[in-house]
Structure formats: C-alpha cells, structure tokens
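The values are calculated or read from the model by the stated rules, or taken from the named source; none is laboratory data. The structure displayed is predicted, hence computed values, not measured ones. Here the Cβ is made from the backbone with ideal geometry for all residues, glycine too, and neighbour counts use every protein chain on show.
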Amino acid sequence: MIKFSDLKLHAKVLKAIDEVGYTEPTPIQAGAIPPALEGRDVLGIAQTGTGKTASFTLPMITLLNRGRARARMPRSLVLAPTRELAAQVAENFDLYAKHTKLTKALLIGGVSFKEQDALIDRGVDVLIATPGRLLDHFERGKLILSDVKVMVVDEADRMLDMGFIPDIERIFQMTPFTRQTLFFSATMAPEIERITNTFLSNPERIEVARQASASATITQLLFELPGTRRDALAKQKRDFLRKLIDQEGEKVTNGIIFCNRKVDVDIVAKSLKKYGHDAEPIHGDLDQSHRTRTLEGFRDGKIRFLVASDVAARGLDIPNVSHVFNFDVPSHAEDYVHRIGRTGRAGRLGTAMMISTPKDEKLLAAIQSLIETTIPRGDVGEQKAPVSKASEADVAAGATEERPKSRSRSRSRSSSKPKDDAKADAPVADANVAEEARDVKPEPKAQKAAPAPQKEQQSREQEPRESASSSSSSNSSSSSSRSRGGKGRSRNDDRGPKVVGLGDHLPTFIEKSFAERRTD
C-alpha cells in the first residue's frame, strides 16, 4: 500500500499531513501527485469526494517551496467555478502549507477590491480565484500573469455548465506557454476534451473511476409521485419531503436538499422552518458573508438541513453528510452524480433520495443511462393531490365535475355580477353558504323572456290603430320580434325596459298620411 511518505513530497508538507491524520493517499492522489512533481501536465478524472483538491495542492506547495513571489505577479494560479469551492481550496492550502512561508490570495466576488488589491501588491505565491473576479483585476491593471508557473483548473465540467469556458480560454492565453497545467474534472464532455487537447501538452491521464459513476457506499432511492395539477405539485412535493425526513428520523443527522431554482430554495427552506425543521437556504443570490456563515453553521452541526441550488453541488468538502434529498430531478444528468456525491464521502455510508413526477421521465432516463443502472424505487404510499385554493369552494359545495362555462354574452351581463367570479375562486368559510350555493339553480330562459310580449300588448292598447293595413304591419313586426326571441332571450330583455322603435310601433304621423291617401 502506497503512503504519502512514498510520494517524494516536501518534509514540511508531510508534517502537515501527519498532523491532519492522513497516512494513505486516495487513488486519484496516488496517481496525480508523482507526475505533477515531475513537472508534467496532468488530466485527472475522478468522481466527487475522492480527494482531488489535495491532488494538486500538495505537489503545488512542494514545487513552490523554492523561490519568491513578486508584486502583482503570482507564481501559481488555481481557478474554481464557485466562491465556495475557491474558499475551500484556500482552506486546504492553509492546512497543508502552514509550516512553509508561502503566501496566498483569494479573489472572489462579494469581497472588497481594495482588500484583494492589497494582497496582490505584496506578492503572492498562490492565487486562488473565480474566473470573473480574476478578469476584473486583470482588466483594471492590478494583475500580471506572465510569471505563472503552475496553473490548476478545478471542476472543469462545472466551468462548462456555468458558461466559463470562454473565460478559461482567455486566461490560458494570458499565462506563459511553458506553464505546467493540472486539469481536474468529474466528467469529460466533448468541449472539455477540446480544451485539454488545445492547452495541455502530453498530459498524464489519471482516471480512477468510471466517468460519472456514483459511489458504491451511497444508497440511492427514487420516489415517483403520481401526476397532479400544476398548481398543487410544489406543495405535494414539500409535503412528501417532510414525510421522508420524518420517516428517516434519527438516521438523518444532517442533510442537503437540492432544488433546481433559487426561488424554490427559499420556499422549501421556509416550509421546513414552518414545520419545525432547522433549515437554511444557500444559493448564488445571497450575500457572500451570509453564504459563508451558513456553510460554517452546517459544518459545525448548528444547522441540520442545507437547502441549496447547484452552487453547493460541486467540490464542497462537507464531511459526514448523512443524507442528500433531490427535491427536483436535476436538469443535467451529470449534476445528479455531483449532488449525491455530497454524502458517502471517504468511504462513509450515505443515503440519496430523489422525488420525481411524471414530467421528469426524460430526465430520469438520462440519469439512469449515464450511471448505467436503474435507481431503486421507494414506496410513496397513497399520495393524494393537495386541494388548491382555487378548488376549495367546489370541494366544499360538493362539486364533482368541472363547472361548465357559459358562452352567452347576455347571461354574463345579466345573471352574473362582478363579485361572483371572485367568490367562485375564494374558499367557502361557512357551510351554510356552501349549501346555498349548491341549491341555487338558474332560472329557465322562457321565464325571463316572458315580460316582452306583455309590454308589446300594453303598447298596442295605448296606441289605437286607425287602419287595418297599419295594424297588420305592426302585428307582423311584433310577431317577427317574438319569433327571434323564441330561440333565446333577446339582448334587450335583460338590460331593462324594451326600446320602442319603428320595428314595434308605427308613429301616428305616418298612419295619418296613409289615412289621407285613402280619403283622396
């Protein structure tokens, strides 16, 4: 069995490793450290939680132990996709380089430029940064990368997902061609393969596990919820998540809950708090100081559940995470491996549970194709869709079928009031109101159309007819009006008194003209 003492590391580095308590390197460390110490480019492929950070930190400290940094000219550069991962690399550097005189600077967003500029001006041996903040300093003329001897790209596939590949290519072009490059990733997408072929020179390829494979120490379970309405789906998933947590009981010492969207992270965290669970959200929109406090609280055991977006899925070394809950099925199959890799680390046992719905069928197929296994299904029991606010009134009124919609303009104007629609959507608080709503029936159309003939009869009695011809003309027009109303209520029936016009009544002056002609 290979030990760290067999890897030709610097004596001060070995002393720090002994103090930490490590004696045997992981497979990726045993494979990457020797060629890195020889000055060769390294391409390391290993799943999350296998110790990739130490694979480049330990040889980098050994190589940089000789020499001295100059102002604004770092001797080595480490690129990380997220602030949390960059901060973790900085912590590892402090841990393993504490017996050396090497200096470092951490360039991440959410921190004052002034403080970072002060560190760079003094000169640093190791510069750890996210791509965006590094380019900001470079464009402000505060950073010179022409003296970089060792360049490290960590979690390269995550860089691809976050759209950092153009920035990575630009940073590569700023560094010397003779640099040594250490490139680490959990998966090898075609774009990542292209970059390695372009910027790495005859690299030593170390692949200690099949690409995108899940650790064998992780128990995976999939819970498929039945279909339901979209407005009730999120609540159904939150209810089932709490059910899973309650079922696991004391087995859940701590856990990370992953959501696809930042807004869902906040909603799920608030829901868990409401029902008595100790949970805090973490995602990219939160202030950096808040994110740091949340991670520290989770590591220290002060926070039991960390509700996170994929910002926490990559590279974060949070030991002893007992459970990972995928509230949403990840949109990218590779993210599933990284998410569940937060548990079962360093040979420990872990549990990963995922909640899915019928719309996630294609995403599940992609995940199972990637990991080349079928995720075992868990028992969901009898799942009923929660009643949404829009349907509570119908449930209270005993409605079992969808309420038909009227297409009649006259009905919507006469028999409905503006407040009726609001009442239909609001919950029915009183059972008596619900009972009345069930008993009310619409009046027959014929009854509402009946007053029209009575008005016509009154108008005929009030206006005597002077000739038979004019009377027949009036009767024909009124019968025509009644024949149109026989098919349904006329527009005027429901809008107040009937409007009298030439179609229903012949003015006296016209009748008088007809009478004068007959006398002639």
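Structure above, values below:
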{"item": "Hey, Asp117 assigned to a helix (DSSP H, G or I) and either polar (S, T, N, Q) or under 28 Å from Glu204 (Cα atoms) (or both) or not", "result": "no"}
{"item": "Qualifying residue in region 95-107 (condition: in a helix (DSSP H, G or I), modelled with pLDDT of 90 or more and surrounded by 14 or more Cβ atoms within 10 Å (Cβ to Cβ))", "result": "yes"}
{"item": "Of residues in region 282-292 being farther than 16 Å from Arg342 by Cβ and under 16 Å from the mean Cα position of the chain (by Cα), the one surrounded by the most Cβ atoms within 10 Å (Cβ to Cβ)", "result": "Leu286"}
{"item": "Spans of helices (runs of 4 or more DSSP H) in region 153-203 with at least 1 residues surrounded by fewer than 13 Cβ atoms within 10 Å (Cβ to Cβ)", "result": "165-174, 190-199"}
{"item": "Number of positions in region 241-259 that are buried (at least 18 other Cβ atoms within 10 Å of the Cβ) and not small (Gly, Ala, Ser)", "result": "9"}
{"item": "Single condition Leu295 does not satisfy, out of (1) over 30 Å from Thr374 (Cβ atoms); (2) surrounded by fewer than 18 Cβ atoms within 10 Å (Cβ to Cβ); (3) touching a residue at least 60 places away in the same chain (Cβ under 8 Å)", "result": "(2)"}
{"item": "Check on Arg230, under 30 Å from Leu135 (Cβ atoms) and either touching a helix residue (DSSP H, G or I) at 6+ places or on another chain (Cβ under 7 Å) or of a type outside the set (A, V, I, L, M) (or both)", "result": "no"}
{"item": "Number of the exception - Ile206 against (1) under 25 Å from Gly341 (Cα atoms); (2) free of Cβ contacts under 8 Å to residues at least 24 places away in the same chain", "result": "(2)"}
{"item": "Scan of region 227-274 for residues that are more than 22 Å from Asp379 (Cβ to Cβ), assigned to a loop (DSSP other than H, G, I, E, B) and not hydrophobic (A, V, I, L, M, F, W, C), ordered by number", "result": "Arg229, Thr253, Asn254, Asn260, Arg261"}
{"item": "Boolean, Leu135 is under 32 Å from the mean Cα position of the chain (by Cα) and modelled with pLDDT of 90 or more", "result": "yes"}
{"item": "Per-region count, region 303-324, residues modelled with pLDDT of 90 or more and surrounded by 21 or more Cβ atoms within 10 Å (Cβ to Cβ)", "result": "7"}
{"item": "Residue count, region 325-369 (criterion: in contact with a Lys or Arg (Cβ under 7 Å, 6 or more places away or on another chain) and at pLDDT below 95)", "result": "2"}
{"item": "From Thr181, Thr187, Thr103, residue being among the hydroxyl-bearing types (Ser, Thr, Tyr) and within 32 Å of the chain's Cα centre (by Cα)", "result": "Thr187"}
{"item": "Among (1) buried (at least 24 other Cβ atoms within 10 Å of the Cβ); (2) of a type in the set (A, V, I, L, M, F, W, C); (3) modelled with pLDDT of 90 or more - the single one Ala46 does not satisfy", "result": "(3)"}
{"item": "Candidates Asp154, Asp125, Asp117, Asp167, filtered to the one that is acidic (Asp, Glu), closer than 19 Å to Leu43 by Cβ and in the same structural domain as Phe184 (by TED's automatic domain parsing)", "result": "Asp154"}
{"item": "Cross-chain or 6+ apart pairs with Cβ under 6 Å, region 338-363 first and touching a residue at least 12 places away in the same chain (Cβ under 8 Å) and in a strand (DSSP E or B), then charged (D, E, K, R) and surrounded by 15 or more Cβ atoms within 10 Å (Cβ to Cβ)", "result": "Ile355/Lys237; Ser356/Glu224"}
{"item": "Ile218 being of a type in the set (Val, Ile, Thr) and under 26 Å from the mean Cα position of the chain (by Cα)", "result": "yes"}
{"item": "Selection from region 39-75 of residues that are among the charged types (D, E, K, R) and in contact with a Phe, Trp or Tyr (Cβ under 9 Å, 6 or more places away or on another chain)", "result": "Asp41, Lys52"}
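Here is a yes/no grid of residues against (1) at pLDDT below 95; (2) under 30 Å from Val337 (Cα atoms); (3) of a type in the set (Val, Ile, Thr):
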| position | (1), (2), (3) |
| --- | --- |
| Gly110 | yes, yes, no |
| Asp117 | yes, no, no |
| Asp147 | yes, no, no |
| Val152 | no, yes, yes |
| Met162 | yes, yes, no |
| Phe183 | no, yes, no |
| Met188 | yes, yes, no |
| Ile192 | yes, yes, yes |
| Thr196 | yes, yes, yes |
